[in-house]
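Undergrad: What follows is a structure written as structure tokens; I'll ask about it next.
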Amino acid sequence: MQVMLKNIRIAFPALGAPQSFGEGEPAYGAKLIVDPKGEHVKQIKDAILEAAKDKWKDEAQEVIDALTDDKKICYVEAEYRNKKTRQPYAGFEGKFYLSARNAGTQPTVVDRLGNEVTNKAEIERLIYSGCYVHASVDIWPQDNKWGQRINCTLRGVMFAADGENFGGGSTASASEFADFAASAEDLI
């Protein structure tokens, strides 16, 4: 079930190159921060239910409930917390989240003007933890030898707006180094 989540905050983006999180294999992906009182909750829940009904028919809600209890569902109605400190990560205080990943294919990244961005450094500069994006995701049921789950594939993101950077810092601008720059004559 493909869903477009408009103006949603992104965290932990791995869009320029696959990254390993915990024990998992390297993959592209991100956490999408969901306001419990916002419009995204209904979109996500409806997509999960529709995907489950396609797979498990009349047992869909029962399977969703069991997968939620077993933490085998991409959408979590709780804060995303640091396992060591048990504190919510920056930006997740009082929020829910959608874990979206793509193990095989790099998600499309688009700038605000609609231009596709393919350079790793440019992707990482454009899409950072804390910015807002329009995210295209695919929510789908898994039922195979590895078990049952409801997964979310991150198909692509478009930069929507700046937000407070959760990384705690920002990159320097070239103008900050102007006093140290050599002149062309100094290099001859």
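Undergrad: Could you figure out which of (1) touching a residue at least 24 places away in the same chain (Cβ under 8 Å); (2) exposed (fewer than 12 other Cβ atoms within 10 Å of the Cβ); (3) in a helix (DSSP H, G or I) isn't true of A51?
TA: (2)
Undergrad: On to the next question. Name the single residue, out of those in the stretch 57-115 being among the polar types (S, T, N, Q) and open to solvent by less than 50 Å² (accessible area, probe 1.4 Å), that is farthest from the chain's Cα centre (by Cα).
TA: Ranking the candidates gives N82 first.
Undergrad: What is the one condition in (1) under 13 Å from the mean Cα position of the chain (by Cα); (2) farther than 20 Å from A103 by Cβ; (3) open to solvent by 50 Å² or more (accessible area, probe 1.4 Å) that F12 does not satisfy?
TA: That leaves (2) as the condition not met.
Undergrad: Is it the case, given these coordinates, that K37 is under 19 Å from Q2 (Cα atoms), open to solvent by 20 Å² or more (accessible area, probe 1.4 Å) and either basic (K, R) or out of contact with any Leu (no Cβ under 7 Å at 6 or more places or on another chain) (or both)?
TA: It is false that K37 is under 19 Å from Q2 (Cα atoms), open to solvent by 20 Å² or more (accessible area, probe 1.4 Å) and either basic (K, R) or out of contact with any Leu (no Cβ under 7 Å at 6 or more places or on another chain) (or both).
Undergrad: Here's something else I'd like to know. E25: in contact (Cβ under 8 Å) with a residue 24 or more places away in the chain and among the acidic types (D, E), yes or no?
TA: yes
Undergrad: Could you give me the residue pairs with C-beta distances under 6 Å whose first residue belongs to the stretch 88-114 and is more than 14 Å from L32 (Cα to Cα), whose second residue is hydrophobic (A, V, I, L, M, F, W, C) and part of a loop (DSSP other than H, G, I, E, B) wherever it lies, and which are 6+ apart or on separate chains?
TA: Qualifying pairs under 6 Å: V109/V117; D111/V117.
The values are calculated or read from the model by the stated rules, or taken from the named source; none is laboratory data. The model shown is predicted, which means the values in this text are computed figures rather than measured ones. Cβ coordinates were reconstructed from backbone atoms using ideal geometry, including for glycine residues, and neighbour counts include every protein chain displayed. Note: accessible area is taken over every heavy atom of the protein model, side chains too, but ligands, DNA and RNA are not part of it. Shrake-Rupley method; radii C 1.70, N 1.55, O 1.52, S 1.80 Å.
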